[in-house]
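Visitor: The structure's right below; bear with me while I get my questions together.
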Amino acid sequence: MLFTAPEFMYLFLPTILGLWWWFVSRNYGKSAQWLIVGSSVLFYAAWSTQYAALLVANAILNFYWGKRIARTRSAVLLRLGILYNLVLLAYFKYADFLIETANALTGHQWPLLQVVLPLGISFFTFQAIAYLVDCGKGQVEDFDIGSFAFSISFFPHLIAGPILHYSDVMPQLRQGIRFDPERMTKGLFLFAVGLSKKTVIADRLAGVVDPLFTLSDQLTLCEAWTAALGYGLQIYFDFSGYCDMAIGIGLMFGIALPQNFNSPYQAVTIADFWQRWHMTLSRFLRDYLYIPLGGSREGFGRGLAAAAVTMLLGGLWHGAAWTFVAWGAMHGGMIALYRLWTKTGYALPRCLASTLTLCGVFLAWVLFRADSMAQALQIWQAMLGLNGLKIPVMLAGWFAPDTVPISGLVNGLDMLALGILLVICLRYRHAQAQLDTFNPGFKALVAFAGLFFAGTWLSAAHESFIYWSF
């Protein structure tokens, strides 16, 4: 069930929201928590009842295993718990990938398992690991299965994040949830903004980008840049739209979820980019991979190695394909170059540093979107102008038609729209940052109505949020 689906917006969300506040108003806090747990399982079961049962069983196992770790402070039990979650993730996400790789390397033809990837298992696994590690550190103060089940299954973040820590939600539940009209209004506004980003912008960009990647071997200079820039903007508005909707829904329930997106295309360096893009994933990789590998305290060379391993595994986390590994390696290489440059003591002008960072990010997005390494290489080759130049339709009149070929794949309006969207990303604050100056009132009502209307009636069909595939 997508956040953009009519049955979610007009039936599921209003029903659960009304019941939640009815329970809360009567001080039935525990009943309200179990309402969310049950509705979250139902939300997930709309995709697969089989994997909803797996989700429940896995949550129960991790809860009691974490409780035992906290009581014994056993490092062995902690390692076993982490290993269990990683093996579970590896089976569902990487089994066929590993078999395909082994077949390619050895020449054998071992049959694929055809494992169906459960939605959101990567996010659920990382959250479970974070919980177990927090138990091992003694940072979990109480063990209430209802509160734990609420925090790990709360449907706004269940499928695609943010990745929560124990401390993100539990203190709010202990303090008690109270209805706040301002928080509700802000949540509705964020939801409407995210909805319009997803359906009006990201989904329409998909209609431009997908055909270009399909015809990657036929692209010329303008077409390849349109594909790269278009996908970079598509995933930006898709993911930021999802984050706005998820955090907005959380606010409607009186729960503040952690920020997960902070205008990443305004980053000055590649390190700055990763402090702004998918912030809870970056936090997890830093706390549970980069720092344990010695990246913050054991010398410059150790730091480079830790960053490289972290980005490689971060790339693989996104998908079971060599393109994702290469994407992670490319970001690891950019981070290494940035750190080496800082050693020189010279600082690039801000505009130049931002431009180089943005170019590197958009070039890497080609790998992220490509179906194969060969497809990515074809697009990069075209971006370098090695496949020639065709002038987009509607711009051809500026040139002599008999000397410059005309592209039938992109037009001037496509390129103008991409330019406008890129300027928006570079110049304006994201919606979550604007909440600090948001004032409920008539203007806010008009803005909400306009955004919601655009998101529902001017939408373009698309099958899912990009990050729901991870």
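Visitor: Could you check the spin-label model distance between LEU19 and TYR91? Points 7 Å from the Cα along Cα→Cβ, value in nm.
Guide: If labels sit at LEU19 and TYR91, their model points lie 3.1 nm apart.
Visitor: Could you compute the FRET efficiency for ASP217 and LEU112, with r as their C-beta to C-beta distance and R0 at 22 Å, rounded to 0.05?
Guide: On the way: r = 27 Å, r/R0 = 1.22.
That pair, ASP217 with LEU112, gives E of 0.25.
Visitor: Moving on to the next point. Report in % the part of the accessible area of the chain that belongs to carbon and sulfur, leaving out ligands and nucleic acids; probe 1.4 Å.
Guide: Taking all protein chains in place, the chain shows 65 percent carbon and sulfur surface.
Visitor: Mind checking which aspartates and glutamates have their Cα closer than 13 Å to the Cα of LYS390? Skip sequence neighbours fewer than 8 apart in that chain.
Guide: Cα-Cα hits under 13 Å: GLU223, ASP402.
Visitor: How far is helix 300-318 tilted off the main Cα axis of the chain, in degrees rounded to 10, range 0 to 90?
Guide: That helix lies at roughly 90 degrees to the long axis.
Visitor: Now for a different question. Note the full-extension length gain between ALA256 and SER48 as 0.36 nm times their separation in residues minus their Cα-Cα distance, in nm to one decimal.
Guide: Roughly 72.1 nm would be gained on extension.
Visitor: Which of the residue pairs LYS30/LYS198; LYS93/LYS186; LYS67/LYS93 have a Cα-Cα distance greater than 29 Å in the structure shown?
Guide: LYS30/LYS198; LYS93/LYS186
Visitor: R0 = 45 Å: FRET efficiency of GLU141 with LEU352, Cβ-based, nearest 0.05?
Guide: Efficiency, from the Cβ-Cβ distance: 0.40.
Visitor: For n ≥ 4 DSSP H runs only, could you compute -39500 (n - 2.57) per run for the chain, divide by its residues and tell me the 222 nm figure to the nearest 500? Intermediate values should be presented prior to the final figure.
Guide: Values: 19 runs with 302 residues, N = 470.
So the helix-based figure for the chain works out to -21500 deg cm²/dmol.
Visitor: Here is a follow-up. Quick one: helix 412-427 against the long Cα principal axis of the chain, what's the angle to the nearest 10°, folded into 0 to 90?
Guide: Roughly 50 degrees, rounded to the nearest 10.
Visitor: Using alpha carbon centroids, what distance separates segment 90-148 and segment 1-74, in Å?
Guide: 20
Visitor: Compute the FRET efficiency between ILE60 and ARG429 as 1/(1 + (r/R0)^6), taking r as their Cβ-Cβ distance and R0 = 51 Å, and round to the nearest 0.05. Intermediate results must be reported in sequence, preceding the final value.
Guide: Numbers: r = 41 Å, r/R0 = 0.81.
Plugging the Cβ-Cβ distance into 1/(1 + (r/R0)^6) gives 0.80.
Visitor: Taking K and R as +1 and D and E as -1, what net charge do the other residues with C-beta under 13 Å from the C-beta of PHE191 add up to?
Guide: Counting the neighbours of PHE191, the net charge comes to +3.
Visitor: Further question on the same structure: Report, to the nearest 10°, how far helix 29-45 tilts away from the longest principal axis of the Cα atoms in the chain, using its own Cα long axis and a range of 0 to 90°.
Guide: With both axes taken from Cα atoms, the answer is about 40 degrees.
Visitor: Another question, then. Between [x] 23.1, 93; [y] 23.4, 79; [z] 24.2, 97, which entry matches Rg and Dmax of the Cα atoms in Å as derived from the coordinates of this structure?
Guide: Given [x] 23.1, 93; [y] 23.4, 79; [z] 24.2, 97, the structure-derived one carries the label [y].
The values are calculated or read from the model by the stated rules, or taken from the named source; none is laboratory data. In this text the structure is predicted, and so the values were computed from the model without any measurement. Neighbour counts are summed over all protein chains in view; Cβ atoms, including those assigned to glycine, are modelled from backbone coordinates with ideal geometry. The area values use the complete protein model at the heavy-atom level, side chains included, leaving out ligands, DNA and RNA. Shrake-Rupley method; radii C 1.70, N 1.55, O 1.52, S 1.80 Å.
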